[in-house]
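A quick write-up on the structure given underneath.
Where a number appears in this text, it was derived from the coordinates with a stated rule and is not lab data. Since we're looking at a predicted model, the values are computed, not measured. We place every Cβ from the backbone using ideal geometry, glycine too, and count neighbours over all the protein chains shown.
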Amino acid sequence: MSLTVFCAVIFAAVLHAGWNALVKGGLDKRTAMGAVVLGHIPIAAAVVPFVPLPDAASWPYLACSIALHLGYQLFLMQSYRMGDLTQVYPIARGTAPLIVALVSVVILGVHLEPMELLAVALIGLGLVSLGLVRRADGQRNGKAATLAFVTGLFIASYSLIDGLGARLAGTSLGFYGWSAIGNGLVMAGYLAVTSPATLRVIPRSGKRVAVIGGGASFIAYALVTWAFTQAPIALVTALRETSIIFALLIGVVVLKERLDLAKVTATALTLMGAALLRFAR
């Protein structure tokens, strides 16, 4: 993986941890998540006129991408209602690189060097191990862990679909721009049916999250989608999940969540995996 791709994905990881903290820190998770997703629309609408239209071969992937991102967002909302940022975020993000690596090697026939496989395993296992942490009251939170795991399945699925789709599209930014618009419109429709009040509240109380969180989220995944076209999807997915380190810092310092040995150990494993991934080839 080149230094340029490495730095772009690390920057995306920082942005991703930041907008997740905004959603978790908000009083109403539905409003916060809706604001982030709807915040993509004006940015994407300003971008797509200046980039090529995705090739028609990528359109089925585009449709799948929109559906999978919506599923991810809905399960993430539920996860944050049940658990801490420092538990939910690592489990959700940690399962994805393991699944993506498995599918890439076994089904897609992607060749990864032994050191790269070890790096992916360290990152994934370090993050998933946070499913063992306890809540602030000392009790285990199995429901949050389960929801976070399902969220991770969605992450793995849309990562593979978006990586393959962006390559077929011939334009990573065009592919993600239209995906973001479609995802925003579908989210708006979902909220209109299930919670019209939320849709009305977002322009007022959700404006800050829409601008800051939506902007950070769009830039982060635009960088990741581009990286998918420059390096193996499994490696990009694994490196992106180093955002746990930044989410851990935000959760402990800003959200005042408890720090324990399991979280410190998982962070150390993740850092080791990231270092191996950078210098594997």
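Computed quantities for the displayed model
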| read-out | value |
| --- | --- |
| Peptides 159-165, 218-224 ordered by average Cβ neighbours within 10 Å, highest first | 159-165, 218-224 |
| Charge context of A156, other residues only, Cβ under 15 angstrom, K/R +1, D/E -1 | 0 |
| The range 185-235 shape via C-alpha gyration tensor axes, a/c threshold 1.5 | oblate |
